[in-house]
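Note sheet for the following structure.
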Amino acid sequence: MMREGMRRGFLRRGENKRLSLVVVGWVIAWITVPEPLGAVSMLNDPGGFHDIRWGSPLSARDDLELLRAASHITEYRSKTGKPTFAGAEMTSISFVAFDDQFARVTIRYEGEAVHKQVLNFLESHYGTLQRIPGQMTRGLNQQYTWRGPDTEISLTYQAGTQRGFIFIDSRTLAPRFNDDLTDSAE
């Protein structure tokens, strides 16, 4: 009976050791992968959006109007006409600043035709997606990322609702949004 208990304890330790090795393997893989799987190295990093460079103060711009303001985060939209991107009309485009430093653009759109136009635009300007055999390119949720030295562009398209979301971020300023969320959760 005692031997049986010792054998079960040894097996548990062996299972824990295997689990530890698996966890260590994943951590090493996560650390050594330079960018997320599926991310494309960006060609022609824009360093901002349209004529606004990352870090620029948005409050001083006459072409933007205030949408929302919080302690560190302020959101603006353009005063001029309907929002357009990639030659198509968008549902909305917002410019987001952290401590009045331009850090993110959030773009929302609807429709499969608009999605195809946006995706073609992003690929032609920032790099062709690497289509891997067996990879799903037409799923319910599609996600694509282009990463440059200063800018990261993430596109998510939900085929079921035909809604798309694009986040164009400053790679140095956008992480501050997460810091602010962590600080405010305490």
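Some observations on this one:
- Between amide H atoms placed 1.01 Å from N, distances below 5 Å from M42 occur with R147, G148, all of them 5 or more places distant or on a separate chain.
- Ranked list, fewest to most other Cβ atoms within 10 Å of each Cβ, for L43, L119: L43, L119
- Positive dipole terminus of segment 36-185, leading residue within I73, G55, I153 (C-beta point charges): I153
- Charge sum, other residues only, whose C-beta stays under 12 Å from H50's C-beta, Lys/Arg counted +1 and Asp/Glu -1: 0
- Ordering T84, T91, T74, T161 by the number of other Cβ atoms within 10 Å of each residue's own Cβ, fewest first, gives T161, T84, T91, T74.
- Toward the positive end of the charge dipole of segment 36-185, with +1 on the Cβ of Lys and Arg and -1 on the Cβ of Asp and Glu, the farthest Cα among A103, V40, A174 is that of V40.
- Were the residues from E123 through T161 laid out at 0.36 nm apart, the gain over their Cα-Cα distance would be 11.4 nm.
- Footprinting exposure proxy ranking of Y157, Y144, fewest other C-beta atoms within 10 angstrom first, gives Y144, Y157.
- Anisotropy class of segment 92-133 from Cα gyration tensor, a/c 1.5 cut: oblate
Here, each number is a calculation from the coordinates, and none is a lab measurement. What you are looking at is a predicted structure, and each value in this text was computed from that prediction instead of being measured. Cβ atoms come from the backbone with ideal geometry, glycine included; neighbour counts cover every protein chain shown.
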